[in-house]
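All remarks here apply to the structure that follows.
The values are calculated or read from the model by the stated rules, or taken from the named source; none is laboratory data. All values derive from a computational prediction rather than experimental measurement. All Cβ positions, even for glycine, are placed from backbone atoms using ideal geometry, and neighbour counts span all protein chains on display.
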Amino acid sequence: GTTGHPKGVLYSHQSTVMHAMMSGSSQLLDFNQVSVVMPMVPMYHVVAWGIPFSAPLYGAKLVLPGPILDGESVHQLIHCEHVNKAYGVPEVWLGLHHYLQQSGKRIPSLLNIGVGGAASPEALVKTYGEEYGVYWMGIWGMTETSPLVTAAIHEPAMDTMKPNDRYRLQASAGRPIFGCEIAIFDNDQTPLPHDGITQGQLKVRGPWIMNHYFKEKPPKKNKHTWFDTGDTATIDSQGYLRIVDRHTDVIKSGDNWISSVQLEDAALKYQPVDEACVISVRHKQWNERPIMLVTLKNRQKFNKGQFIDVLKSHLSNWCLPDAIITVPSLPHTGTGKLKKYELREQYQDYLLNGA
């Protein structure tokens, strides 16, 4: 896991079958006999998001790409196998975009992509929609939820929206799929309003949500039992979910809470930045402060003043990172997520040492 402490999650035959039936249905991934489906996530990452179960159930062709997911290899598979639906973390889609830019090649067969595992950058959602004609569907779930709980499926109302409003919805985690419920709570476990602003502890329930971890005693469970996801989130009046951060990744600076996800998303709006990672480090006065590590696109010049101006246009000054560090690369897990726990350990005294 991204915490560095993996735990065994127990599924049942019933939960797996129900998840496969719902996720592949026309209400969600819409698999059928003309679908050519490619999950670009490993089998050990929630069984490739459950797609190897749902795709055969609905008669879809299933393309398994293996471990090599650079842009050229992904393009070759999409082109040769005529893939029209594919699924992966944002890092994979960023790599494919870079390859398409450099090679001038296209992906005409690809119509829909499902993106999870990390926050969807709105700039990349826009790029895939406008340059490649691909619908980007933000999805959310976790190993403990089999995994799919929410999805930003295409809805007719989106066609009349302003493009940027539509991209913002697509970049969200979406709305609960049939059978699942989501809610946010404060520290006293009081339900919080779904106003798109109030942040709280995200909890979920549904027929394919895990009951307990391997070798742990099963809790007393009834229809009112919620599973605590460990995420901080907002839910708007239409039910759209936005993950603010993992509880462990939210930065408490004095009395203020800072979202690393919001900082990272703002950073990607500066053209030279390829990837950004925000972590909390120790601070003498405020206990914790954010610092940002960024990688740059090839041959792009980085102007720190311009970059900070971009951040200021999206965030309050007290949210801005105390240090911005350019690095050659950032560490990822086998599922494409940033290894923030490693970076926190490496940089925990960065500000204390007067860097």
Worksheet, complete the sentence: In the range 321-352, residues that are closer than 22 Å to residue 286 by Cβ and either touching an Asp or Glu at 6+ places or on another chain (Cβ under 6 Å) or in contact (Cβ under 8 Å) with a residue 24 or more places away in the chain (or both) total 15
Response to the item:
Given the conditions (1) buried (at least 20 other Cβ atoms within 10 Å of the Cβ); (2) more than 21 Å from residue 85 (Cα to Cα), every one holds for residue 194 apart from (1)
Response to the item:
The residue from 352, 263, 343, 315 that alone is part of a loop (DSSP other than H, G, I, E, B), touching a strand residue (DSSP E or B) at 6+ places or on another chain (Cβ under 7 Å) and either closer than 30 Å to residue 43 by Cα or not assigned by TED's automatic domain parsing to the domain that holds residue 140 (or both) is 352
Discussion item. I'd like to check something: does the range 44-59 contain any residue that is modelled with pLDDT of 95 or more and loosely packed, with under 14 Cβ neighbours inside 10 Å?
Written reply: yes
Practice prompt. Taking residue 125 as the residue in question, decide whether it is of a type outside the set (D, E, K, R), over 16 Å from residue 230 (Cα atoms) and buried (at least 19 other Cβ atoms within 10 Å of the Cβ).
Written response: yes
Worksheet item: Considering 158, 137, 210, which residue is closer than 28 Å to residue 14 by Cβ and outside any loop (DSSP other than H, G, I, E, B)?
Response: 137
Practice prompt. Take the range 286-309 and flag every residue that is farther than 19 Å from residue 258 by Cα, in contact with a strand residue (DSSP E or B) (Cβ under 7 Å, 6 or more places away or on another chain) and not in a strand (DSSP E or B).
Written response: 297, 302, 304
Worksheet item: Checking residue 334 against (1) part of a loop (DSSP other than H, G, I, E, B); (2) in the same structural domain as residue 280 (by TED's automatic domain parsing); (3) surrounded by 11 or more Cβ atoms within 10 Å (Cβ to Cβ), which single condition isn't satisfied?
Response: (3)
Fill in: Top-ranked residue in the range 260-287 [being among the β-branched types (Val, Ile, Thr), touching a helix residue (DSSP H, G or I) at 6+ places or on another chain (Cβ under 9 Å) and in contact (Cβ under 8 Å) with a residue 60 or more places away in the chain; ranked as surrounded by the most Cβ atoms within 10 Å (Cβ to Cβ)]
279
Worksheet item: residue 238 versus (1) polar (S, T, N, Q); (2) modelled with pLDDT of 95 or more; (3) under 26 Å from residue 279 (Cβ atoms); (4) surrounded by fewer than 15 Cβ atoms within 10 Å (Cβ to Cβ): which is the lone unmet condition?
Response: (3)
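For (1) among the basic types (Lys, Arg); (2) touching a strand residue (DSSP E or B) at 6+ places or on another chain (Cβ under 8 Å); (3) over 15 Å from residue 46 (Cα atoms), each residue gets a yes or a no:
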site: 109; (1), (2), (3): no, yes, yes
site: 113; (1), (2), (3): no, yes, yes
site: 126; (1), (2), (3): yes, no, yes
site: 142; (1), (2), (3): no, yes, no
site: 151; (1), (2), (3): no, yes, yes
site: 156; (1), (2), (3): no, no, yes
Discussion item. Yes or no: the range 174-190 includes at least one residue that is crowded, with 23+ Cβ neighbours inside 10 Å and either within 30 Å of residue 16 (Cα to Cα) or touching a residue at least 60 places away in the same chain (Cβ under 8 Å) (or both).
Written reply: yes
Response to the item:
Of the conditions (1) crowded, with 18+ Cβ neighbours inside 10 Å; (2) at pLDDT below 90, the single one that residue 355 does not satisfy is (1)
Discussion item. Suppose we keep only residues that are outside any strand (DSSP E or B) and more than 12 Å from the chain's Cα centre (by Cα) within the range 140-151. Which one would you say is surrounded by the fewest Cβ atoms within 10 Å (Cβ to Cβ)?
Written reply: 143
